[in-house]
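The values are calculated or read from the model by the stated rules, or taken from the named source; none is laboratory data. Note that the structure is predicted; figures quoted are calculated from it, not measured. Please note: Cβ atoms are built from the backbone with ideal geometry, for glycine as well, and neighbour counts cover all protein chains shown.
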There are 2 protein chains.
Amino acid sequence: MVAGPLPAPSGPGKDRLRLWIRLLRASRTIEAELRERLKKEFNTTLPRFDVMAALYRAPEGMLMSDLSRFLLVSNGNVTGIVDRLVSEGLVARARRNGDRRTSMVRLTEEGSRTFATIAAVHESWIGELLGKVSEDDARRLTGMLTSFRSNWEGRE
Amino acid sequence: MVAGPLPAPSGPGKDRLRLWIRLLRASRTIEAELRERLKKEFNTTLPRFDVMAALYRAPEGMLMSDLSRFLLVSNGNVTGIVDRLVSEGLVARARRNGDRRTSMVRLTEEGSRTFATIAAVHESWIGELLGKVSEDDARRLTGMLTSFRSNWEGRE
DNA sequence: GCAAATTATTTCAAGCTTAAAGTTTCATAT
DNA sequence: ATATGAAACTTTAAGCTTGAAATAATTTGC
């Protein structure tokens, strides 16, 4: 997956393969840096941050299944992360719907404050780490990735 | 990180944040699909595939530390993955250098054959999954990501 | 009503991942 | 020689991740 710079492959379809490799390396590099900073600066993790980011955008709360769909991870995974966030007092489960299978998950007051703080710094990190990409290129790239995604989605 | 499509953020630096989010979602989506197919079709995993891909390009073998640097993962991580590949007979460690701290890791005959098979299919998957990206856009995107990376590297 | 199928979530086992601590080996400077 | 430190690797503990199995609640079809 992360095959690299050495023997530049050629042939039909190689451009897409090369694109995929770059994409993966870019995101892994940035992810690693963010993970390290989140740990050092805020003593938290990327998955926790992801969950909190999703919940921050949904003040009314989200179902576990919404979270897992949105974050592109498995159900069982979300259970564990939310468990930890709950035990840290940042997130609360409310099982008081008509449907008693579900639980509405939302940020606590503290969770919301905490996330806002981290998110601001996080955004400045992204600005720093992607600083060499011009805003113009950023928009262009985003557009390409978006159309790729919307095309690809709706399979399976 | 994987914050999504709903309330389009705006302001200075928001373009880069949005780019990062798309980048991450794109790579996670593809990664998830590849992981699933590797499991179903070849009963293997992405990390194993990554290690084998790296070794395939280095017939003379690689040190553990080379592997971990190249794959952008930690040392301890590589130890575990190589352990499993060794126990599956796909990879061999040779501790016969002058330097007895190191071990040269390489694919076995079987590992090499196995990887070649998987890699061919893998490439066709990428072609399929990125099919909607024109070869032209693929080259352009790759260029942007490359320059981003080479600019960003050399920090730390 | 009620059995069967579906949906939402949790639990579990196996594997991946990191950071930090530990082990062994090597290089250097006394 | 021998300490001192650095380098290569492994081990460990904690957490993330998946896919599959288990639980529980709801919905559907008779």
message: If I filter the stretch B:96-107 for residues that are more than 12 Å from chain A (Cβ to nearest Cβ), buried (at least 19 other Cβ atoms within 10 Å of the Cβ) and farther than 30 Å from B:LEU24 by Cβ, do I get at least one hit?
response: yes
message: Taking the condition of being within 16 Å of DNA strand D (Cβ to nearest atom) and away from chain B (no Cβ under 14 Å), how many residues in the stretch A:108-141 meet it?
response: 2
- prompt: Any residue at all in the stretch B:8-23 that is farther than 29 Å from A:SER68 by Cα and in a strand (DSSP E or B)?
  reply: no
task: Give, as residue ranges, the helices (runs of 4 or more DSSP H) completely inside the stretch B:32-129 that count at least 1 residues that are free of Cβ contacts under 8 Å to residues at least 12 places away in the same chain.
output: B:64-71, B:75-87, B:109-129
message: Of all residues being at the interface with chain B (Cβ under 10 Å from one of its Cβ atoms) and out of contact with any Leu (no Cβ under 8 Å at 6 or more places or on another chain) in the stretch A:24-41, which is nearest to DNA strand C (Cβ to nearest atom)? Just the residue, please.
response: A:GLU36
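Please go through the stretch B:79-90 and pick out each residue that is crowded, with 18+ Cβ neighbours inside 10 Å and either within 12 Å of chain A (Cβ to nearest Cβ) or more than 30 Å from A:ILE30 (Cα to Cα) (or both). Break it down stepwise before answering.
As a first pass, look at the stretch B:79-90 and keep what is crowded, with 18+ Cβ neighbours inside 10 Å: B:81-82, B:85, B:90.
Passing the criteria: only B:LEU90.
In the stretch B:87-96, is there at least one residue being near DNA strand D (Cβ under 10 Å from one of its atoms) and over 19 Å from the mean Cα position of the chain (by Cα)?
Taking the stretch B:87-96 and keeping what is near DNA strand D (Cβ under 10 Å from one of its atoms), we get B:93, B:95.
Checking which are over 19 Å from the mean Cα position of the chain (by Cα) leaves us with B:93, B:95.
Scanning the stretch B:87-96 turns up at least one residue that is near DNA strand D (Cβ under 10 Å from one of its atoms) and over 19 Å from the mean Cα position of the chain (by Cα).
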- prompt: Does A:ARG140 count as out of contact with any Cys (no Cβ under 7 Å at 6 or more places or on another chain) and outside any helix (DSSP H, G or I)?
  reply: no
- request: Might you check whether a residue that is at pLDDT below 95, of a type outside the set (A, V, I, L, M) and under 17 Å from the mean Cα position of the chain (by Cα) occurs anywhere in the stretch B:105-119?
  value: no
statement: A:ALA58 meets each of (1) surrounded by fewer than 21 Cβ atoms within 10 Å (Cβ to Cβ); (2) at pLDDT below 95 with one exception, condition (2)
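Against the definition (buried (at least 18 other Cβ atoms within 10 Å of the Cβ), closer than 20 Å to B:ARG35 by Cα and modelled with pLDDT under 90), how does B:LEU71 come out, yes or no?
So B:LEU71 fails the test.
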